[in-house]
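The values are calculated or read from the model by the stated rules, or taken from the named source; none is laboratory data. Every value quoted in this text rests on a predicted model; they were computed, and no experiment measured them. So basically every Cβ, Gly included, is an ideal-geometry build from the backbone, and we count neighbours across all protein chains shown.
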Amino acid sequence: MLEARDISFAYGRAAPVLSGVSLGVGRGEIVGLSGPSGCGKSTLARLLAGYLTSRSGAVLVDGAAPAKGWSPVQYVHQAAYLSVDPRWRIGAILDEAGPVDEALRNQLGVSRRWFERYPHEISGGELQRVVLLRALGPRTRYLVADEVSAMLDPITQVEVWQALQARAGAGLGILAISHGDALLERVATRRLHLEAGRLLPVSGSATKAIGNAGSPQCGKWPLEPANLPA
């Protein structure tokens with residue numbers, strides 16, 4: 001289980017963003033996390049993935065403190081270009097995680113033609129799929145997905161979440177962070193809402209299989225709304 005135990009966090013001397021937050025994400029579970037902008041969702045994501053250190057409390061991975069080196073907890077957010085070295089070709093970026101899972105590569109629609117290209121030579125949506133493929137390497141046990149499909153077109157969103165649901169079915173634990181209630185209602189086994197630095201359960205969560213990416217209704221509206229600056 002990926003756990004946050006009574007963690008609190010503040011940026012510098014500012015008021016705490018998180019106060020005594022505890023949650024757990026089990027293997028094979030998709031936990032949906034919603035909340036208003038600026039409430040601390042991404043801060044919590046970065047704490048769970050080891051990018052930040054909490055002021056108090058602890059983050060545990062399968063009962064132990066996170067080890068140094070490659071982390072079994074991978075963090076992916078909507079700004080894919082921030083997750084890659086622009087000087088590396090796509091093939092080298094993917095090699096970081098180990099051998100590429102060909103079935104997953106096909107499911108995510110990552111073309112081998114991209115492997116010789118640099119990040120700026122493919123689209124943002126294509127790069128997001130590359131980043132997800134790297135994050136879902138063979139050593140990954142938990143994925144913190146911070147609005148990962150917000151910038152994708154509706155059909156690609158469906159393809160991505162079909163792939164993530166399949167990985168969860170194979171034992172991957174996922175924390176799915178989104179502004180989109182429609183998305184979380186479809187994919188989450190249970191849901192939490194973060195507001196004013198504290199977590200609250202959301203009733204009525206039930207995972208539903210994402211429909212066929214080629215079905216007409218997939219083009220009517222995005223599962224996850226784009227989180228664009230005003």
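In region 75-88, is there at least one residue being more than 24 Å from Glu121 (Cβ to Cβ) and at pLDDT 90 or above?
Scanning region 75-88 turns up at least one residue that is more than 24 Å from Glu121 (Cβ to Cβ) and at pLDDT 90 or above.
Going through Lys68, Lys41 one at a time, which residue ends up being basic (Lys, Arg) and either buried (at least 20 other Cβ atoms within 10 Å of the Cβ) or under 16 Å from the mean Cα position of the chain (by Cα) (or both)?
Lys41
List every residue pair whose Cβ atoms lie under 6 Å apart, where the two residues are 6 or more positions apart in sequence or sit on different chains, the first residue falls within region 62-85 and is closer than 19 Å to Gly171 by Cβ, and the second residue, located anywhere, is small (Gly, Ala, Ser) and assigned to a strand (DSSP E or B).
The qualifying pairs are Val76/Ala145.
I'd like to check something: does region 71-94 contain any residue that is of a type in the set (D, E, K, R), surrounded by fewer than 18 Cβ atoms within 10 Å (Cβ to Cβ) and under 18 Å from Val110 (Cβ atoms)?
Yes - at least one qualifying residue is present in region 71-94.
On the basis of being modelled with pLDDT of 95 or more, under 24 Å from Arg186 (Cβ atoms) and within 18 Å of the chain's Cα centre (by Cα), does Leu108 make the cut?
No; evaluated as a whole, the condition is false for this residue.
Counting only residues that are farther than 26 Å from Leu133 by Cβ and of a type in the set (A, V, I, L, M, F, W, C), give me the strands (runs of 3 or more DSSP E) lying completely in region 7-75 with at least 2 of them.
Because the criterion is at least 2 residues that are farther than 26 Å from Leu133 by Cβ and of a type in the set (A, V, I, L, M, F, W, C), the strands (runs of 3 or more DSSP E) in region 7-75 that meet it are 18-25, 56-61.
Quick one: which residue in Gly197, Gly173 is surrounded by 17 or more Cβ atoms within 10 Å (Cβ to Cβ), at pLDDT below 95, small (Gly, Ala, Ser) and within 20 Å of Leu44 (Cβ to Cβ)?
Gly197
So which pairs qualify, if the first residue must be in region 17-37 and farther than 18 Å from His179 by Cα, the second must be in a strand (DSSP E or B) and charged (D, E, K, R), the Cβ gap must be under 6 Å, and the two must be at least 6 apart or on different chains?
The qualifying pairs are Gly20/Asp6; Ser22/Arg5; Ser22/Asp6; Gly24/Glu3.
On the given criteria, is Val202 crowded, with 19+ Cβ neighbours inside 10 Å and in contact (Cβ under 8 Å) with a residue 24 or more places away in the chain?
Here the answer is no, as Val202 does not meet what is asked.
In region 157-166, what count of residues is obtained for those that are surrounded by fewer than 21 Cβ atoms within 10 Å (Cβ to Cβ) and in contact (Cβ under 8 Å) with a residue 60 or more places away in the chain?
1
Read through the list (1) surrounded by 16 or more Cβ atoms within 10 Å (Cβ to Cβ); (2) part of a helix (DSSP H, G or I), then give the number of the only condition that Ala103 fails.
The number of the failed condition is (1).
So if I check each of Leu48, Leu52, which one is of a type outside the set (Phe, Trp, Tyr) and crowded, with 20+ Cβ neighbours inside 10 Å?
Leu48
Please give the number of the condition Val110 fails out of (1) in a helix (DSSP H, G or I); (2) more than 25 Å from Gly40 (Cα to Cα).
For Val110, the exception is condition (1).
Is it the case, given these coordinates, that Arg27 is touching a strand residue (DSSP E or B) at 6+ places or on another chain (Cβ under 7 Å) and among the basic types (Lys, Arg)?
Judged against the criteria, Arg27 is a match.
For region 176-194, name all the residues that are closer than 25 Å to Ala15 by Cα and at pLDDT 90 or above.
Ile177, Ser178, Leu192, His193, Leu194, listed by residue number.
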